[in-house]
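The values are calculated or read from the model by the stated rules, or taken from the named source; none is laboratory data. Just so it is clear, the model here is predicted, and its values are computed rather than measured. Every residue, glycine among them, receives a Cβ derived from its backbone with ideal geometry; neighbour counts consider all protein chains shown. In case anyone asks, the SASA skips ligands and DNA or RNA and just uses the protein heavy atoms, side chains included. Shrake-Rupley method; radii C 1.70, N 1.55, O 1.52, S 1.80 Å.
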Amino acid sequence: MIKFDNTYIELPEQFYKSTKAEEFKSPYLIEVNKDFADRGLGLDFNSLSDEDLALLFSGQDVPEGAAQIALAYAGHQFGHYSPQLGDGRALLLGEILSPEGKRLDIQLKGSGQTPFSRRGDGRSSLGPVIREYIVSEAMYHLGVPTTRALAAVGTGEMVYRERPLPGGIFTRVASSHIRIGSFEYFAASGDITAVKALADYAIHRHYPEIEGEENVYLHFIESVANAQALLVAKWMSFGFIHGVMNTDNMSISGETLDYGPCAFMDNFSFDKVFSSIDTMGRYAYNNQISIAKWNLFRLAESLLPLIHTDLNKAMEVTEKSISGYVHIYEQKWLEQMKPKLGLMSDHENDKDLIQQWLQYLQNEDLDFTLSFRKLSGGIESFKPTTAFKEFYLPWQQRLDMQSATSIEVKSCMNRTNPIYIARNHQVERAIQAAYKGDFSVFKKMNRIFRNPYELQDNCEEYALAPMESERITATFCGT
Ligand code: AMP
Ligand code: MG
């Protein structure tokens, strides 16, 4: 059924702790991502009944060869260092090799306490399960690097938050669960041997092309910078706010990891914050690039002893390398934003033009996704105000400077500007229905977001911005 090929478990013992799922008497299947299982993972679940799948994805039936471990990590949370985090409500079932030979982690989230749970119950209510399933799959189909959803099950038991809620378990597939915080965990205790073992493992798993190079750990930092710069640029281009860019939520592979209080923006604002716990706006939309860089410096700090035995020297070369590298973040942002305005050649004013458009959206309180999409359909959708013309005329002049035809420009824009995004008020609707035992909204949304760029029949409401009464301005932490 699942053929595991586990490697993390071969790392030194302080990297993880053995654990297993709690006992759930009547777990039930909500959804299994058969298409992904089949094509992405080469797993055939067709011979399994829904009951079998529920037992599998709630950790009750454990396939032979499973690792069953919780990983150790630390992290900077909202700027403050927490030395002991780790998988407090997640269990790594094991690793598999995909049909393309890619190593992937299969992890259960919400299956009960682990040695890292501290005071937490290790469980999850259905809300975060539904949210992560919908949003991570929507991200994938938009073309954003992300962990994937393999299954959602209900535990048949209640979890106790502000009120009792039905419990659930989410099965996540990731290129790995190595985070910046995984390095900080060992670096903070001065365990350089462990930092090196983890770095070598991460390089071999994610960046094998740099293996054996001189200054390999410096190259590693640059590789992570590259991957995370692309990731954050993609988030920005879809108006996505991660919400909790703590170093323990930033994957070394450059995938979106941990969907907590995240959101796709409706009406645009540079300073938009969704997370109810982010009272200082640290992880606001427009801070995401600089926060990604801040996080990268935390990774670099953890690796300093591997870069040079003389720490001052190590600092010097690392700072030089990274400072020469941070422009990558702006460059990737430009590469993602330009096609959304149909800019298919290079011009020195492109950055300003994009900023002017965004400023216009903010000033007029317009919907991010709809405005980009409408722009390719003509100007009728926009009020002919001075503010609009101040963007529109220079934009037209800029388009005239490139050789692309208007049809090419339009198709470039429609390829990069989705119609359907997983809007928060719709996700919330799916969650509320799920709490009542109705998973049809959840399933319909998953279907729609598989084709975000194409107009689909009978789903007009999913393309609309929320009405004032439906608008969600804050989301609460995943637990
Ligand atoms: P997150 O907010 O998902 O990034 O989690 C931050 C840390 O809190 C991680 O170490 C989690 O494992 C831990 N955590 C979150 N929720 C729970 C829970 N219900 N039980 C135990 N640990 C938790
Ligand atoms: Mg986390």
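Where in the chain are the helices, taken as whole DSSP H runs, whose Cα atoms extend 27 angstrom or more along the long axis and whose Kyte-Doolittle mean reaches at least -1.0?
216-237, 288-307
Mind checking which lysines have their C-alpha under 16 Å from Lys410, skipping anything on the same chain fewer than 8 residues away?
Cα-Cα hits under 16 Å: Lys338, Lys340, Lys374.
Among Thr146, Thr309, what's the order by accessible area (1.4 angstrom probe), most exposed first?
Largest accessible area first, the residues go Thr309, Thr146.
If packing is taken as the average number of other Cβ atoms within 10 Å across a peptide's residues, how do 66-72, 311-317, 275-281 rank, most packed first?
Result, highest mean Cβ count within 10 Å first: 66-72, 275-281, 311-317.
Suppose the chain between Gln456 and Leu97 were pulled fully straight at 0.36 nm per residue; how much longer would it get relative to their current alpha carbon spacing?
Here the segment from Gln456 to Leu97 would lengthen by 125.8 nm.
Mind jotting down the distance between the C-alpha centroids of region 397-439 and region 306-359, whole Å?
After rounding, the separation between the Cα centres reads 25 Å.
Summing -39500 (n - 2.57) over the DSSP H runs of n ≥ 4 in the chain and dividing by its residue number, what mean residue ellipticity at 222 nm do you reach, to the nearest 500 deg cm²/dmol?
-12500 deg cm²/dmol
For Asp365 and Ser49 in one chain, what is 0.36 nm times their gap in residues minus the Cα-Cα distance, to one decimal in nm?
Stretched fully, the Asp365-Ser49 segment lengthens by 108.8 nm.
Compute, for Thr385, the solvent-accessible surface of its heavy atoms (probe 1.4 Å) with the complete set of protein chains present, and express it in square angstrom to the nearest 10.
Here the accessible area works out near 40 Å².
Figure the gain on full extension for Gln432 and Leu399 (residue separation times 0.36 nm, minus the Cα-Cα span) and round it to one decimal in nm.
Result: 7.4 nm gained on full extension.
How high is the relative contact order of region 37-194, in percent, counting Cα pairs under 8 Å that sit 6 or more residues apart?
Computed over region 37-194, the figure is 23 percent.
Roughly speaking, what % of Cα-Cα pairs in region 8-174 are separated by over 24 Å, rounded to a whole number?
Tail of P(r) above 24 Å: 35 percent of Cα pairs.
Heavy-atom accessible area of Asp191 with all protein chains present, probe 1.4 Å, nearest 10 Å²?
40 Å²
I want to check the label-to-label distance for Glu316 and His425. Put each point 7 Å from Cα in the C-beta direction and report it in nm to one decimal.
My value for the distance between the label points is 5.9 nm.
Please report Rg over Rh for the chain, where both radii come from the alpha carbon positions and Rh follows the Kirkwood definition.
0.97
Could you provide, to the nearest whole Å², the per residue accessible area of the chain with probe 1.4 Å?
So the chain comes to 42 Å² accessible per residue, rounded to a whole number.
Once you place label points 7 Å from the Cα toward the Cβ at Lys389 and Phe297, how far apart are they in nm?
Taking the simple label geometry, Lys389 and Phe297 are separated by 4.6 nm.
Run the accessible area of the chain with a 1.4 Å probe and give the carbon-and-sulfur part as a rounded percent.
The C+S portion of the solvent-accessible surface of the chain is 50 percent.
In the structure displayed, which of Lys34/Lys332; Lys34/Lys351; Lys3/Lys109; Lys20/Lys234; Lys293/Lys351; Lys3/Lys332 lie more than 31 Å apart, Cα to Cα?
Lys34/Lys332; Lys34/Lys351; Lys20/Lys234; Lys3/Lys332, as the Cα separations exceed 31 Å there.
For region 114-246, what's the relative contact order in percent, using C-alpha pairs closer than 8 Å and at least 6 residues apart?
The normalised contact order for region 114-246 reaches 17 percent.
List the GluC sites (Glu not before Pro) within region 144-195 that DSSP assigns to loop and that have no more than 11 neighbouring Cβ atoms inside 10 Å.
Here the GluC sites (Glu not before Pro) that fit, given the DSSP loop and packing criteria, are Glu162.
Collect residues whose amide H, placed 1.01 Å from N in the peptide plane, falls under 5 Å from the amide H of Gly156; neighbours closer than 5 in sequence don't count.
So Gly156 has HN proximity to Tyr28, Gly167.
With the crude spin-label approximation of a point 7 Å out along Cα→Cβ, what separation in nm comes out for Met280 versus Lys444?
Computed distance between label sites Met280 and Lys444 equals 4.3 nm.
Work out from phi, with θ = phi - 60° and the Karplus expression 6.51 cos²θ - 1.76 cosθ + 1.60, the ³J(HN,Hα) of each residue of region 257-263, listed in order in whole Hz, and give x for Gly and Pro.
Running phi through 6.51 cos²θ - 1.76 cosθ + 1.60 with θ = phi - 60° gives 10, 6, 8, x, x, 9, 6 Hz.
So for Arg123, Arg429, Arg89, Arg172, what's the accessible-area order with a 1.4 Å probe, most first?
Final ranking, largest accessible area leading: Arg429, Arg89, Arg123, Arg172.
Determine the relative contact order of region 342-416: mean sequence separation of Cα pairs under 8 Å and six or more apart, normalised by residue count, in whole percent.
52 percent
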